[in-house]
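Working notes, structure below.
The values are calculated or read from the model by the stated rules, or taken from the named source; none is laboratory data. If you're wondering where the values come from, they're calculated on a predicted model, not measured in any experiment. We place every Cβ from the backbone using ideal geometry, glycine too, and count neighbours over all the protein chains shown. Only protein heavy atoms, including side chains, enter the accessible area calculation; ligands, DNA and RNA are left aside. Shrake-Rupley method; radii C 1.70, N 1.55, O 1.52, S 1.80 Å.
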Amino acid sequence: MKTGKKVMILLLVFVAAAVVYFVHPVGKKEEHGVTEYTAMEKAKFPVLYATMGEREMAPVFGQTEERGVTAGRDSLILLPEDRKLKLRFAGTTKIQGVHYEIRSLDTEDLIERTRIGSFETSLNGDSENALSTELPIQNLLTEESEYRLTIAIATEKHPAIYFYTRVMWQQESRVQEMVDLAVSFSEKTFDYDSARELTTYLETDPNADNSSLGHVTLKSDFSQLTWKGLSMERVSEPEIHLRELQGIIGTIDLKYVVSEMKDGKAAAYYDVIESFTMKLGAQRIYMMNYDRRADQIFTGESSAYSGDRIQLGVSDAEDLQSMQDEAGKYRAFVANRALWIYDTGKKESTKVFAFRKSENDTRVNYDTYGIKILDVSEAGQIDFAVYGYMSRGNHEGTTGIALYRYETAGNALTERLYLPASTDYGNLRQDINQLCYLSGGQTLYVLMNHAVYSVDLTGKEYMVVADGLTEENFAVSTDASRIAWQDGADIYRSTKLHVMNLETGKKDEISFPDQTVIRLIGFVGTDLVYGLAHPNEQLTMDGRVTGLP
């Protein structure tokens with residue numbers, strides 16, 4: 001157990017104790033057997049928009065704490081030639097002050113720190129405060145080098161809310177041409193005649209899978225590219241992300257929501273992400289890659305259920321989850337980052353949890369969070385974890401893991417634990433997918449930042465079960481009820497293997513006499529596989545151990 005990690009967990013584990021929210025229906029749809037519940041307040045933090053060329057780029061969301069080197073990796077902003085970056089904050093909270101700083105990407109070198117003395121505020125028809133300002137970035141940036149820009153604002157309730165992004169400065173740039181092409185390409189896919197201009201980019205492959213609109217590439221056929229003739233309309237303006245810019249090659253993403261129209265009404269909604277990789281040529285822009293993914297937004301209507309099947313519609317989602325109680329009465333599942341429960345007896349479904357309020361609500365459609373179902377009981381009780389960026393509610397602006405319990409009887413949602421995380425959503429997602437296990441409903445085991453933590457939800461105590469874990473010295477069983485790890489950092493010199501049954505809390509150690517080396521292989525189901533070797537038979541190359549027979 002490392003001292004630094006002990007201190008961090010001591011400070012952070014029980015920031016929030018159990019909180020019960022009494023929830024109420026906010027839109028019961030009797031004709032479809034759907035009830036929605038909510039337990040969180042509306043988002044309060046302003047959202048930041050930066051202007052690049054003539055376009056506002058994708059929104060940047062605020063954090064309540066300063067983040068590490070991974071902060072701001074989401075998008076890149078190319079500064080104008082005079083380096084004066086236009087910003088707009090939109091939201092319901094009044095902003096009292098703005099300052100910014102620019103650092104190297106590793107955050108080691110401070111380039112500039114400036115406080116903005118004046119800015120304009122306005123109140124629009126939606127009773128939202130809007131603040132516009134301009135960052136007078138100094139002439140201290142190396143051309144074509146990336147930097148981390150941190151913008152901090154002060155509000156009445158928060159002395160500092162941080163917004164992170166990357167910036168780059170070029171005296172002459174054609175990046176705006178790539179952005180314009182991406183936007184134009186996307187718009188033309190909704191019009192069959194206009195889309196004919198896009199055939200020059202297609203590389204249609206007769207072996208390509210054209211069976212679903214969930215995934216479209218340049219190898220797809222023209223009908224696939226143009227939504228198979230369906231009447232599709234954009235519900236939201238596309239969010240534009242410049243992901244990467246390496247010399248003359250750039251990657252741009254567009255994110256938006258579309259509706260499928262039938263008889264003048266929206267019959268279905270879809271989340272869409274288009275990704276473009278382009279190369280700047282002397283005379284034209286070359287389309288190196290195009291990837292469109294669409295996921296139908298699940299609404300829970302009765303027509304979506306057929307026997308034991310749940311029809312989720314068009315989807316390219318790879319991480320759909322489903323779990324039911326032993327009797328099969330209640331089935332919990334996650335679709336579009338929303339948790340649902342279906343009562344097979346009453347033929348009714350309930351949306352238990354979602355940050356999203358509407359199809360075009362940018363403020364809570366930020367997709368850097370996930371939901372992990374942990375347990376479903378025969379009484380209709382669901383234990384689940386929400387992890388990643390919290391876009392509204394008590395923990396708005398933080399990144400962490402919230403443990404919830406929903407009870408069908410009484411329609412009550414209880415927050416049992418909140419654990420702030422120092423890592424970003426991507427790393428947190430990998431850790432949670434590997435291990436997040438609730439034993440007996442009272443002990444949570446979670447992998448985070450190379451360590452397994454055990455949290456006693458009754459006694460409000462914690463412990464570090466194992467630390468210094470890597471892909472090579474740590475393994476989890478298929479059902480996540482057992483873990484195993486090696487002693488020591490050197491996988492070829494370990495003489496002891498630890499095994500723990502998370503359901504019972506029982507630990508075992510495996511070791512052999514004569515300093516026999518033991519190597520963790522992994523699990524097959526719940527069966528542990530390991531190998532043994534003699535330490536004097538190490539395979540080496542250039543003085544480095546490469547293996548053991």
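Things worth noting here:
- If you bin all the Cα-Cα distances of the range 470-532 at 10 Å, starting from zero, the percentages per bin are 24, 55, 20, 1.
- Working ranking of peptides 111-118, 79-86 by packing, defined as the average number of other Cβ atoms within 10 Å per residue, highest first, is 79-86, 111-118.
- Tensor-based shape of the range 345-480 (alpha-carbon gyration tensor, a/c under 1.5 rounded, otherwise prolate or oblate): oblate
- Full-extension gain in nm, ARG243 to ILE491, via 0.36 nm per residue minus C-alpha separation: 85.6 nm
- In percent, rounded to a whole number, the relative contact order of the range 377-478 is 16, using alpha-carbon pairs under 8 Å and six or more apart.
- Here the accessible area is traced with a 1.4 Å probe on the protein chains. For the range 426-549, carbon and sulfur cover 47 percent of it.
- Tensor-based shape of the range 227-382 (alpha-carbon gyration tensor, a/c under 1.5 rounded, otherwise prolate or oblate): prolate
- For the listed residue pairs LYS188/LYS228; LYS262/LYS346; LYS188/LYS255; LYS44/LYS157; LYS255/LYS351, the alpha carbons are over 19 angstrom apart in LYS262/LYS346; LYS255/LYS351.
- Inter-site label distance for SER302 and SER322 at 7 Å from Cα along Cβ, in nm: 2.1
- Per residue, the accessible area of the range 416-514 comes to 44 Å², computed with a 1.4 Å probe over protein heavy atoms only.
- In the chain, the C-alpha radius of gyration followed by the widest Cα-Cα span (Dmax) gives 25.9, 79 angstrom.
- Label positions at ALA379 and ASP221, each projected 7 Å from the Cα along the C-beta direction, are separated by 5.5 nm.
- In this calculation the C-beta distance from TYR286 to THR546 is compared with R0 = 60 Å, giving a FRET efficiency of 0.90.
- Estimated from the Cβ-Cβ distance and a Förster radius of 51 angstrom, the FRET efficiency linking SER145 and ASP456 is about 0.60.
- Label positions at GLU537 and SER104, each projected 7 Å from the Cα along the C-beta direction, are separated by 4.8 nm.
- Protein heavy-atom surface of the range 99-227, 1.4 angstrom probe: 42% of the accessible area is carbon and sulfur, with nucleic acids and ligands not counted.
- With all protein chains kept in place, the per residue accessible area of the range 211-293 amounts to 45 square angstrom at a probe of 1.4 angstrom.
- Prolate/oblate/rounded call for the range 122-262, Cα gyration tensor, a/c under 1.5 rounded: oblate
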